[in-house]
Every structure is written in C-alpha cells, then in structure tokens.
Amino acid sequence: QQQVKQSPQSLIVQKGGIPIINCAYENTAFDYFPWYQQFPGKGPALLIAIRPDVSEKKEGRFTISFNKSAKQFSLHIMDSQPGDSATYFCAASPGGGDTGRRALTFGSGTRLQVQP
Amino acid sequence: EADIYQTPRYLVIGTGKKITLECSQTMGHDKMYWYQQDPGMELHLIHYSYGVNSTEKGDLSSESTVSRIRTEHFPLTLESARPSHTSQYLCASSGRLAGEETQYFGPGTRLLVL
C-alpha cells in the first residue's frame, strides 16, 4: 500500500518555467512533510518542509502548498534553472514525540529536467 | 552539510559472499536508518535504530541485518549476497534543525551482485 502518491513521474520545463510536483497522502497521522532533492550518484538532501498548521511555506525559489482537508501538498519551483534538474521526492512522517519512529515514507519521485 | 559517511561507494561482488556496508555519522544523532533505493525510484525503509543496542526492521522485508554498538556507527550486513540484492543502499540519521527533526542522508552505496 503506497501511503504517499507522487505525480508526475517525470517533468520537462523550459528555463524560467514553474514546475509543479504533487503529492497525496492517506495516513492522517502524518504531520511532517519534507521535500528532498536528489542528484545522480548522491543521497537525497532536504529542500524544504512543512507542517499541517500552515498552508504555504516559501524558501527562496521553492514553495510548498499544503491542503490539509484534501490531504495533498505540492512543490513549486519559481524561475526554474537547469541546475534544478534532479529527482524530487516528497515524504511524510507521523508524530509521536521523541519516541516516535520518525522514519519517512517517500513518494515515488519526480524526475525534473529544466531545459536551457 | 551533513556529516554522514558511507563506504564503499560502489561494490561488485559474487553471489554467496558476505558483505558489510558501513555507515557512520559525526553529529551525535541517536536515530539512524537504512533505505533501499533502485535507481530513480522511491526509497524503502529496511532498518532503523533509536540508539545503541536498539534496532528494528522497516517496512520493506530485507535479508540484511544491522547492529548499533556505537552511536556513530550503523553497519548493514548481508550474510550471503544474491543478485536480487542489487540496489542502492542509503544510510540516514536524524536530528533537530531549526526545531524540526530532519533526516540527513549519506551518499549511498551502489551494490551489484553478479
């Protein structure tokens, strides 16, 4: 059972475009939603994260929009650059305080290509 | 920049061999994780640890085993490698960053079993 569904699988945009990657989750216990960026041959690196108490979070060119009632969240990349070409993963983890597992459940990934 | 290291980065080995993938972190994190990832695909949790002498199996069944004798070290062992074990293995640890618990990933070990 895939608990975090991510789409699209791949995405090609022109430089300056605004790619949007969407994720939907099922587990209502999830309360932390990070996005990771992974370049070939590297481990994933945290890009930006959000909690359900806000509907939007922006860090530089990256914005997360969160819709708690729909159990959906999305990543927008403003003014995309060729250097943003990578695989992006959404993820989610449940609460549980310091004894909670806090392991992430990942989406299936979106391969983004930004053309010059 | 996360201080989490994995060795080897690449390993080609024959069927039946015993292998150990090393993972170490210098951040003093109690929680550590192993994920399995096929190229470009989603990550699947195979093991995690809350601290020394604490290990649990993850969501994806794996024939590998782990140990946590020291806080900074979380090795993964395959007693008898098979071609089905061919994959990338990612180690992670988690700690507080700006009030949020954040997972940091190592660069991964790409394993090929012939």
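Taking the conditions exactly as written (within 23 Å of B:Met41 (Cα to Cα) and without any contact (Cβ under 8 Å) to a residue 40 or more places away in the chain), does A:Gly43 satisfy them or not?
The answer is yes for A:Gly43.
Out of the strands (runs of 3 or more DSSP E) lying entirely within chain B, which hold 2 or more residues that are free of Cβ contacts under 8 Å to residues at least 60 places away in the same chain, farther than 30 Å from A:Ser85 by Cβ and among the hydroxyl-bearing types (Ser, Thr, Tyr)?
Counting at least 2 such residues, we get B:19-25, B:43-51, B:54-57.
Might you let me know whether the range B:31-38 holds any residue that is within 11 Å of chain A (Cβ to nearest Cβ) and open to solvent by 70 Å² or more (accessible area, probe 1.4 Å)?
Yes, that holds for at least one residue.
Any idea which of A:Lys71, A:Lys58 is without any contact (Cβ under 8 Å) to a residue 12 or more places away in the chain and open to solvent by 30 Å² or more (accessible area, probe 1.4 Å)?
Testing whether each residue is without any contact (Cβ under 8 Å) to a residue 12 or more places away in the chain and open to solvent by 30 Å² or more (accessible area, probe 1.4 Å) leaves just A:Lys58.
Quick one: how many residues across the range B:63-86 are within 20 Å of A:Ala103 (Cα to Cα), touching a strand residue (DSSP E or B) at 6+ places or on another chain (Cβ under 6 Å) and more than 14 Å from chain A (Cβ to nearest Cβ)?
7
Only residues that are open to solvent by 30 Å² or more (accessible area, probe 1.4 Å) and assigned to a strand (DSSP E or B): list them for the range A:74-87, please.
Within the range A:74-87, A:His76 is the sole residue that qualifies.
The values are calculated or read from the model by the stated rules, or taken from the named source; none is laboratory data. Computed from a predicted model, the values in this text were never measured in an experiment. Quick reminder, even Gly has a Cβ in these numbers, built from the backbone with ideal geometry, and neighbours come from all protein chains shown. Calculation scope for accessible area: heavy atoms of the full protein, side chains included, ligands and nucleic acids excluded. Shrake-Rupley method; radii C 1.70, N 1.55, O 1.52, S 1.80 Å.
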